[in-house]
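The values are calculated or read from the model by the stated rules, or taken from the named source; none is laboratory data. Computed from a prediction, not measured in an experiment: that's the story for all the values here. Positions of Cβ are backbone-derived with ideal geometry, glycine not excepted, and every protein chain shown enters the neighbour counts. Areas reflect the complete protein model, heavy atoms only, side chains present, ligands, DNA and RNA absent. Shrake-Rupley method; radii C 1.70, N 1.55, O 1.52, S 1.80 Å.
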Amino acid sequence: MNIQEAVEACDSILTEIKKFIIGKDDVLKHVMLCLLADGHILFEDYPGLAKTMISRSFASVLGCDFNRIQFTPDLLPADLTGSEIYNQKSNDFEFKPGPLFADIILADEINRATPKTQSALLEAMGEYQVSIGGKTYELISTEKPFLVIATQNPLELEGTFALPEAQVDRFLAKVRVGYPSKSDEAKILTNRINRKQKLFSLPQIITKKTFREMQKAVEIISVSDELKDYIVDIVNYTRHAPQVRVGASPRGSLDLMSLARANALLDGRDYVIPQDVKELASLTLSHRIILDVGSYIAGASSEEIITRILTKVKAPRKE
Amino acid sequence: MISKRINPLKRKEIILIVFLLFSLAIFQITMELIHGRRQESPILRVNFPFFELFAIAIPLFLLIWILFKLEFPFRIFKPLSIWAVSMLLIIVVTSFLTNANYSPGNFNPGNTTTIDTTMIPQTLTNPETVLTESIPEHIVRDPLFNLPVLQDVRNLLLVFLILISTIIIIRTERRKSIKQSKESESAENGQKIPKEFEGGLKNIIECYYQTSDHLEGQGADDSDHLTPKEFQNDVSIRQLTSENDFNDLTSLFNEAKFSEHDISADSVQRAKFLSQKIIFQSSHTEFERMEEEE
C-alpha cells in the first residue's frame, strides 16, 4: 500500500466516525495516529465522555475483532489471558483463550483492577504474546493486529489504583477526551433524536489485513538525522528538567518517532518534519514522566511541563 | 516609536556598525602611515590629498562591489571577510609604499633610524656636527584622531584575520565553481538534480535561512524552539509578508532539509524567487510603515 492509498483509507475512516462522535476531531485524529503507529492508547477522563464509544467505533470500521474487558478489583490475571482447563474426553489440559485474544481490546476502567491484574497485561502489551503453562501464544500476526485501548478515570476518584510505571510506559499515548463545547453537545442531542435509537453501529470500511498494510506503510516514512537528534534532545531534557523526578525512557523516544511518522503519513508526506515531533511530544511523553513534589504541589500537570520543556529545546529550523 | 526603530536594529545592523568603526580605525592607521612619512618622501610631499582619497575610496569601492557582487540580501560574513582582507592589503601596500615601520603611538617613523651616540667612533673630531647632520629632523604631529583600542594586540588580530579570511574566500570560491559546474551539467541533461548534489539543497535551505533572518529582523519571533511551521504561523499572524509565498518557501525548505527526495532545479529556482520576493516586499512594507509613522 502506498502513502496516497493509506491517506485515502484514513480519511474515509475518520469521516465515518465523525458522523457519530461529534466535536472530537483532534481526539479521533490522535487515536488514528496511535492505531497507525501500532501503539496502545490510554484514555484518561471522567465517565460519560465517549471513551468506550470511540474505541468501539474504530474496531467496527477497521473490521477487527473487538473485546471489551471491564476491569474490577476482583478481576484475576487468568481472566484476561485465559487458562488451561482439563478436558475429560481427551484426558488432557486444553488452553481456553481469554479475552485478550482479540484484535482490539478495550480495557475499560483499567485503574479499577489491582496492580497484579494490570501487570498481567505487561507481556501482552510489550511483547504481543502471553505465556501460560509453559507455552507461549502469539497475539499478533501479519494479518492480525493487537491493540489495547485502555480507559481510566482520574486518580482523584475513589476505588482506583495507580497503574504501574512499567505498564504506563507501554502505552504509546495518553489521550484526554475532554468535555464537548455547548454547540457540539447540542449536536450530539440532535443526532440522538435523528437516530431514533440508543445504540448505533458503524459499517466496516476496511479489512484488518488492509489495516495491517496501512501500519506497514508507516515504516517507509523517513526520519532525518536532525529530527532524530531533536527527538533525543526533547526526551533527554525530560530527564534533567528541574520539575521532573523521573524522565521519559528510550521507549518514549521510539514512540515519539512512531507517532511522528504516523502523523507524516496522515498528512500525505513520506518524511517527518519538526512540527510532527513537537505537536505529538506531549501526547506521548506526558504520561511517562513523574513530576517532583514541588511541581505536584504547585498543581502543574505533566502536559504543562512537557510544553515548557518544548520551549527549551532548539528545533531544527535555524543554522 | 523609538523602540520600533531600534528593534529591527539587531544582528546585521550591529555587525555593520562594528564594521564601520573598524573601517574608521584602519583609516586612521593608514593616515598615520601616510602623514608620518610625508616629509621624507618627495611624492608624499606633494600637497595633494591623493593618499587620503585612496584610503577613503578603496573601502567605499569595495563596499559597493560587495553589495553588487553578492546576491542581495547577502550573508554578512562573506563581505566582512572580503572587506577584512582588502583593508589589510591596503595597510600592507601603504606600509610598503611609505617604507614605514609603524608602531602604535609613534607617529614619526624617522625615530626608528636614529643613530645611537654610543656607537659613533671616537675618531670623529666634532661629534656634534655629525649628529646634527646625520639625524633627520623629527616630525612631531598629532594623529588625526586616536582610538585607545588600538594596541599591539591588533597586529596579531590582523594576522589572524588575514589567514581566516583568505581561507574562507578560497573555500567559498571553490564551492561556487563546483556548484556552477554541476548546475550547468544538470541543465544540459535536463534531469532532476540528485540528492547527492549538495548545491541544490543548500540553495533552498540558504534561501530559507536568509528569508527567516530577514523576517526576524522585521519583528518575527526569533525563538530557537520554533519549528518552521510555527515560525510560518507567527509570520502569518504578524502579516509580515504574503502568506502563500512564505508557506511555499517553508514547504520547500522542509522537503529539502528533512526528506530524502530528489530536488528539482525548478524547486531551487522557485525558492530563490520566493526568497527575493518576500524580502523585497517586507522591506518595502516596513519602509512605508516608517514613513507613515513619521
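Annotations
- Mean separation of Cα pairs under 8 Å and 6 or more residues apart, divided by the residue count, gives chain A a relative contact order of 22 percent.
- Within the shell defined by Cβ-Cβ distances under 11 Å, the residues around A:L172 carry a net charge of +1, with Lys and Arg each +1 and Asp and Glu each -1.
- The stretch A:221-312 shape via C-alpha gyration tensor axes, a/c threshold 1.5: prolate
- Carbon plus sulfur fraction of accessible area for the stretch A:221-312, probe 1.4 Å, in percent: 52
- Reported to the nearest whole Å, the Cα centre-to-centre distance from the stretch A:210-243 to the stretch A:285-319 is 17.
- Sorted largest first by accessible area at a 1.4 angstrom probe radius, with every protein chain in place, the residues A:R176, A:R317, A:R112, A:R251 fall in the order A:R176, A:R251, A:R112, A:R317.
- Residues of the stretch A:288-319 with amide N under 20 Å of the 7 Å Cα→Cβ point at A:D233: A:305-319
- Under the Debye formula (equal points on every Cα, no solvent term), log10 I(q)/I(0) of the stretch A:60-153 at q = 0.17, 0.18 Å⁻¹: -0.75, -0.83
- In this assembly, the B-A interface accounts for approximately 1900 Å² of buried accessible surface in total, computed with a 1.4 Å probe and without ligands, DNA or RNA.
- For the stretch A:5-107: relative contact order, % (alpha-carbon pairs under 8 angstrom, 6 or more apart): 23
- Note on chain A: with a GNM built from Cα contacts shorter than 10 Å, the maximum mean-square fluctuation among A:G134, A:G23, A:G294 falls on A:G134.
- Residues in the stretch B:202-227 that, when all protein chains are in place, have 40 Å² or more less accessible area than the chain alone would give (probe 1.4 Å): B:Y209, B:D224, B:H225, B:T227
- Protection proxy ranking of A:39-51, A:88-100 - average other beta-carbon atoms within 10 Å, highest first: A:39-51, A:88-100
- Within chain A, helix-based [θ] at 222 nm, where runs of 4 or more DSSP H residues each add -39,500 (n - 2.57), nearest 500: -14000 deg cm²/dmol
- Residues A:D92 and A:T72, FRET efficiency given R0 of 25 Å [Cβ-Cβ distance, rounded to 0.05]: 0.20
- For the stretch A:3-209, accessible area per residue (1.4 Å probe, heavy atoms of protein chains only), Å²: 49
- Carbon + sulfur, % of accessible area of the stretch A:3-209 - ligands and nucleic acids excluded, 1.4 Å: 52
- For chain A, the square roots a ≥ b ≥ c of the C-alpha gyration tensor eigenvalues yield an a/c under 1.5, which makes the shape rounded.
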